[in-house]
Amino acid sequence: MARLFRDRGTLGESKREINGETLRLSSSSSSSFSMAASAAADLPCPFGQLGCALSDSELRETAYEIYAAASRTSGGKPLTYIPQSERTPTSSSSSSSPGAAAGDRSLSPSLSASPLSASSSLQRSLTSAAASKMKKALGLKSLSASKKSPGKDGSPAKSSAKKQISAGELIRIQMRISEQSDARIRRGLLRVAAGQLGRRVEAMVLPLELLQQFKASDFPDPQEYEAWKIRNLKLLEAGLLLHPLIPLEKSDVSAQRLRQIIRGASDRPLETGRNSESMQILRSAVTALACRSFDGSSDACHWADGFPLNLHLYHMLIEACFDNGEEGSIVEESLEVLEQIKKTWVILGINQMLHNLCFTWVLFSRFVTTGQVDNDLLFEADNQLAEVAKDAKTTKDPVYSKILSSTLSSIMGWTEKRLLAYHETFNSSNIESMPSIVSIGVTAAKILVEDISNEYRRKRKEETDVARSRIDTYIRSSLRTAFAQRMEQADSNRRSSKNQATPTPVLSILAKDIGDLAKKEKELFSPILKQWHPLAAGVAVATLHSCYGNELKQFVAGLTELTPDTVQVLKAADKLEKDLVLIAVEDSVDSDDGGKSLIRQMPPYEAESAIANLVKEWIKTRVNRLKEWVDRNLQQETWNPRANRESCAPSAVEVLRIIDETLDAFFQLPIPMHPALLPDLIIGLDRSLQHYASKAKSGCGTRNTFIPALPALTRCEVGSKLFRKKEKPHHNVPKRRSQVGSTNGNDSLGLPQLCVRMNTLHHIRTELDNLEKKIITCLRNVESAHADISNGLEIKFDLSLSACQEGSQQLCETTAYKVIFHDLSHVLWDSLYVGETASSRIEPFLRELDPTLETISNTMHDRVRNRAITALMKASFDGFLLVLLAGGPLRAFTKQDARMIEDDFKSLKDLFLADGDGLPEELVEKAASQVKNVLPLFRTDTESLIERFRRMIVEAYGSQAKSRFPLPPTSGHWSPNEANTLLRVLCYRNDEQATKFLKKTYNLPKKL
């Protein structure tokens, strides 16, 4: 077809306009020519090369000669020769001009020389009924129906004045054969008929017969005659040597002789006279080759029915159905033209199947080479291809299959080039042609696979759906191409917006573009493709989903931190995915599996998961940074009570500020899942505060750190002086245990510093409530978080709250016991009741305890102060009991000392009551209950104590107590009902009876 178009282009005239009486040919625009040439280059002729230098014009002249010869013997009016002298004067003058003799190469002058001649030769012979019949048969708009020429739209007078011409004359004009050439051909055929009466046209070799009939005088000039002879020799070469119907043997003598004649003709003109020796040799060789048959029973000559020569010639004949003036238009008389052309079948070896195939090719190539604007041609090509599909199932002829495969491959190559990138090929302006192009491409593929491919026949049981497979391929290929183009465009847009303050990330731009592309696919292309693939839209969005997913995967793999661009991309990806999945679900509602197979092709982007992972990493980084800050600053913390108004550690104020800023930063993150990720942040911050609280109390010790070790039990030495050197009483007093090396000489563990630590934990505990309220407020301002709040989203700093409570309790106790047993040990443990009870009363201890209470009151927060003083009261009560029950051998009490001891304890209680300004009386009495329960034992006589002790031992140990009393263990919980407490009262009883009992029962020493 490319050669055909080029030949037509050289005419310089390509458009015929009928104006009632004149024929005017006008040139096409260069843009149309280049477009058509480009399209033709994409559509190679499937019939193959002839292997000899026969031009399209030579093939066309030969085809017309065959048609003229076939028409002579195929019924209808007999062929008659009208001499030029008997034709109309203008026609004669026109046709006798040298230009007319040049055939189609000088068609324009001969056709446009005279208005009268053009009028008489171009009037149509068929009625309007015939035209309607043609349109109905082919489904095409005829020339007169689609485009009316000036002067034809109105006047019955002009219409009735038109003269009719025959279909044969129309074929001549359509094939661009000049009147002079036509006259010569008919004259030659008459001579042949006169010399071979009764011989059928298929029983003769037409080029051979015409060579013998014409002389140089039949042509305008000798050069044209020689060119004509060479053309006929090339035809004989093509039909008998290069493409014979029956294959030649290498040793065929006739073939060798014919080759020699053809080669010789190039050096010396061939003598074609009837009686010339060269002509006799030529006839002998040609006849021997042409009259061969498969079974030897036929007298037909085979010179133009070998493939692909016959198809090239038949192609030229079918082209007569198309108007030379209106590109692509089919002439009104196409049905009659086709009927006329069918007369050549017997010579060309054409049958209905080959006709269907060749006609399909011509229709399709006409559509391609004429600008792809006449959809009627495409529609009819599709219909004709359906006939070819039926033919393909009825024959397995290898030659036909070869031609069929070549033709369909050429058609399919052109369609697939467009359909594999149909987003580039089609738009709203030319979408009407897409259904037919898809249908042709799919039908061609089905024929190639189902009727030609042996592999398909072997796998037929697998029920291969060729149409669906091809559409699937078209969709995926086109959308991948479209995606790549959108990707380049998005990148270009990104580069052009670099100067903007906040340029949009490429993948965000791409996500929007792909969403628009999916919408266009669903609305414009999927309804067409759905005819062959029920899930066309689903396959399309699955492909887009995969393409974007690959880009997103690379993007996510390179992420190291959460940025606004990152969140913008991931949110755009999430929206795109939801849109694509929605289209896929809607498209597959009626499918067998409900779209499950499609959804499996769309693995989730997990954009929210990616965002969540990045936010978790962001949280982890912030929390780790906070923990490092806590460790570093607590090492430098001095716990200075004058550092701020709240008398709490500056490090605590700072850590709370950092946590507050972290919460603000979290809620400012442009993410859609604050409620889901908030627990991770709260846990991290909670652990950081827990870590701070733990560090704040670490190194301070516990109550047991400062309680002195209990001395071994001894009995009193009755009547002796307990000590003589009062200036050094402590040498024999049991010393307190020291388990914390930092308790001596370390200002960070002084009473004011310990008060600051307690204030700090209380401040953190108070701020926890404020943090929780802040979080709830922020959540209410976050989209879609209200449901999470109402569903009981946990917003609690439980770990740090517990750590603060435990820390405060521990620090209160530690401070209290440190004050009592460390700071005031010299007036309590080292001197209270040492020696004589009356001379070492509790007043010194009370005097030094009072400033301690003042320090606590002035330093500590109101809410913590009472707890600290309460702890100090309990520690002092414990210390008082410890002096009475485990004070060591330097302490001894008589029954008469009980009153002084009770008075001292009352003074101790009064210190904490502070005349109603101190602790509540109920609290003080509750804490004093243990001491009050034990003090009556010091008023009890020794005999009663011994009896009670014996009874308790027997009750506790039973039969073991009959031989010897076991020594009751020290529990530390002093009580009048506890044997160890009674034993200790006896040990410190300055009484002979008690001493003897202890000596006899346990053999206790008098000294340590």
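Computed quantities for the displayed model
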| quantity | calculated |
| --- | --- |
| One residue from Phe938, Phe965 being under 28 Å from Arg847 (Cα atoms) and surrounded by 14 or more Cβ atoms within 10 Å (Cβ to Cβ) | Phe938 |
| Residues satisfying the stated conditions in the stretch 191-207, i.e. at pLDDT 90 or above and either of a type in the set (Phe, Trp, Tyr) or assigned to a helix (DSSP H, G or I) (or both) | Leu206, Pro207 |
| Checklist (1) of a type outside the set (Val, Ile, Thr); (2) farther than 27 Å from Leu771 by Cβ; (3) free of Cβ contacts under 8 Å to residues at least 40 places away in the same chain applied to Arg865, failing item | (2) |
| Residue list for the stretch 299-313, restricted to those being aliphatic (A, V, I, L, M) and either in contact with a Cys (Cβ under 7 Å, 6 or more places away or on another chain) or at pLDDT 90 or above (or both) | Ala304, Leu309, Leu311, Leu313 |
| Subset of the stretch 731-769 [at pLDDT below 50 and either crowded, with 22+ Cβ neighbours inside 10 Å or in a loop (DSSP other than H, G, I, E, B) (or both)] | Val733, Pro734, Lys735, Arg737, Ser738, Gln739, Val740, Asn744, Gly745, Asn746 |
| Meets criteria (out of contact with any His (no Cβ under 7 Å at 6 or more places or on another chain), open to solvent by 20 Å² or more (accessible area, probe 1.4 Å) and within 18 Å of Asp42 (Cα to Cα)) for Leu378 | no |
| Residue check, Glu646 within 30 Å of Thr766 (Cβ to Cβ), touching a residue at least 40 places away in the same chain (Cβ under 8 Å), open to solvent by 20 Å² or more (accessible area, probe 1.4 Å) and out of contact with any Leu (no Cβ under 8 Å at 6 or more places or on another chain) | yes |
| Selection within the stretch 247-296 - closer than 23 Å to Leu311 by Cα and either in contact with a strand residue (DSSP E or B) (Cβ under 9 Å, 6 or more places away or on another chain) or touching a residue at least 60 places away in the same chain (Cβ under 8 Å) (or both) | Val286, Thr287, Ala290 |
| Hits in the stretch 201-220 (condition: of a type in the set (D, E, K, R), over 14 Å from Leu270 (Cα atoms) and touching a residue at least 40 places away in the same chain (Cβ under 8 Å)) | Glu202 |
| Wholly enclosed helices (runs of 4 or more DSSP H) of the stretch 937-1008 bearing at least 1 residues among the aliphatic types (A, V, I, L, M) and at pLDDT 85 or above | 942-957, 979-987, 992-1002 |
| Those residues of the stretch 252-268 which are open to solvent by 60 Å² or more (accessible area, probe 1.4 Å) and either at pLDDT below 85 or touching a Phe, Trp or Tyr at 6+ places or on another chain (Cβ under 7 Å) (or both), in sequence order | Ser266, Asp267, Arg268 |
| Members of the stretch 273-295 that are open to solvent by less than 60 Å² (accessible area, probe 1.4 Å) and part of a loop (DSSP other than H, G, I, E, B) | Gly273, Ser276, Cys291, Arg292, Ser293 |
| Pick from the stretch 640-660, criterion part of a loop (DSSP other than H, G, I, E, B) and polar (S, T, N, Q), ranking: nearest to Glu628 (Cα to Cα) | Asn640 |
| Condition met for Leu562 (open to solvent by less than 70 Å² (accessible area, probe 1.4 Å) and either over 11 Å from the mean Cα position of the chain (by Cα) or of a type in the set (Ser, Thr, Tyr) (or both)) | yes |
| The stretch 208-247, subset aliphatic (A, V, I, L, M) and not in a helix (DSSP H, G or I), residue least open to solvent (accessible area, probe 1.4 Å) | Ile246 |
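The values are calculated or read from the model by the stated rules, or taken from the named source; none is laboratory data. Nothing here was measured: the structure is a model prediction, and the numbers come from that model. No Cβ is skipped: glycine too gets one built from the backbone with ideal geometry, and neighbour counts run over all protein chains shown. For accessibility, only protein heavy atoms count, side chains too; no ligands or nucleic acids. Shrake-Rupley method; radii C 1.70, N 1.55, O 1.52, S 1.80 Å.
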